[in-house]
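Heads up, the thing below is written out as structure tokens.
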């Protein structure tokens with residue numbers, strides 16, 4: 001009976017119901033642990049026999065699942081024709097690409113020109129396709145049994161690209177243990193998608209999510225900008241630092257069956273040390289810098305540098 005009720009709730013109503021009492025909190029946690037699992041989304045792409053190997057590569061190479069798959073994870077709404085998008089630093093992609101080929105995936109193309117989502121960046125100065133500082137090095141599209149897997153290989157952390165998406169409603173991703181939505185209040189409560197990238201080639205990308213029910217807004221209104229409960233909160237005097245997993249994120253620990261919130265909560269993952277700020281001098285965009293050093297196996301997006309840089313150096317021995 002409880003599952004029937006909870007399954008009818010959207011993400012925000014589900015969380016509100018969980019806050020109404022300790023018993024409801026227990027029921028919601030149990031429901032999320034059973035229903036919010038990647039196996040339900042991966043079944044069209046990865047067989048049950050292949051899943052343990054996929055999980056091992058997910059953990060080892062630390063790629064991120066994002067795009068429509070991550071959005072489906074949080075909304076529990078299915079988009080049957082969507083691809084599986086895997087985002088990974090290019091230097092760590094070899095094992096993932098080889099494994100996909102070993103299980104029968106055929107490389108369909110290795111280009112960005114044919115895909116409107118990646119081509120959306122091409123005409124924007126400072127975007128991922130700038131020759132002097134590329135963000136995406138290649139997009140490899142594989143196909144098997146009519147289903148496509150795209151591996152997006154980035155020059156730096158995939159978070160740089162995710163924060164550069166044209167709309168905030170798509171800024172969700174899944175690690176090997178945890179799912180994160182960076183702007184859950186706007187995305188799921190208000191069904192708003194803040195536009196953070198512009199250009200003619202972004203229109204098809206935006207139209208895709210408008211058709212799925214989101215309203216695109218071009219700027220942050222004053223109430224949301226001033227409210228520290230809003231995803232779009234911005235300090236008036238200086239940028240407000242956001243972190244992956246901060247109080248404004250929706251975090252779901254335990255994304256595969258067999259994982260529990262207690263077993264993964266607090267576990268080290270390098271993605272948690274990424275930070276950024278949403279600013280709006282005239283048009284909204286994300287502000288951050290790329291941090292990379294020889295002692296770290298991964299790169300990071302950082303905002304406000306000093307405290308986080310010290311933390312990254314301290315944990316460098318564990319980040320490989």
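The values are calculated or read from the model by the stated rules, or taken from the named source; none is laboratory data. All values reported here derive from a predicted model rather than from experimental measurement. Cβ coordinates were reconstructed from backbone atoms using ideal geometry, including for glycine residues, and neighbour counts include every protein chain displayed.
Residues in the stretch 200-219 that are out of contact with any strand residue (DSSP E or B) (no Cβ under 7 Å at 6 or more places or on another chain) and outside any helix (DSSP H, G or I): 212, 213, 219. Hey, does the stretch 134-149 have a residue that's closer than 30 Å to residue 47 by Cβ, free of Cβ contacts under 8 Å to residues at least 12 places away in the same chain, over 15 Å from the mean Cα position of the chain (by Cα) and part of a loop (DSSP other than H, G, I, E, B)? Within the stretch 134-149, one or more residues are closer than 30 Å to residue 47 by Cβ, free of Cβ contacts under 8 Å to residues at least 12 places away in the same chain, over 15 Å from the mean Cα position of the chain (by Cα) and part of a loop (DSSP other than H, G, I, E, B). Determine whether the stretch 106-113 contains at least one residue that is in contact with a strand residue (DSSP E or B) (Cβ under 6 Å, 6 or more places away or on another chain), at pLDDT 95 or above and either crowded, with 21+ Cβ neighbours inside 10 Å or closer than 19 Å to residue 287 by Cβ (or both). Scanning the stretch 106-113 turns up no residue that is in contact with a strand residue (DSSP E or B) (Cβ under 6 Å, 6 or more places away or on another chain), at pLDDT 95 or above and either crowded, with 21+ Cβ neighbours inside 10 Å or closer than 19 Å to residue 287 by Cβ (or both). Restricting attention to the stretch 54-88, the residues that are part of a strand (DSSP E or B) and surrounded by fewer than 20 Cβ atoms within 10 Å (Cβ to Cβ) add up to 1. Entry remark, the stretch 34-45: residues being part of a loop (DSSP other than H, G, I, E, B) and farther than 21 Å from residue 187 by Cβ number 3 in total. Of all residues in the stretch 133-158, those satisfying the criterion of being out of contact with any strand residue (DSSP E or B) (no Cβ under 8 Å at 6 or more places or on another chain) and over 18 Å from residue 68 (Cβ atoms) are 133, 134, 145. Scanning the stretch 175-195 for residues that are crowded, with 24+ Cβ neighbours inside 10 Å and under 11 Å from the mean Cα position of the chain (by Cα), we see that the one that is farthest from residue 205 (Cα to Cα) is 180. Between 23, 4, 48, 101, the distinction of being surrounded by fewer than 19 Cβ atoms within 10 Å (Cβ to Cβ) and assigned to a loop (DSSP other than H, G, I, E, B) belongs to 48 only.
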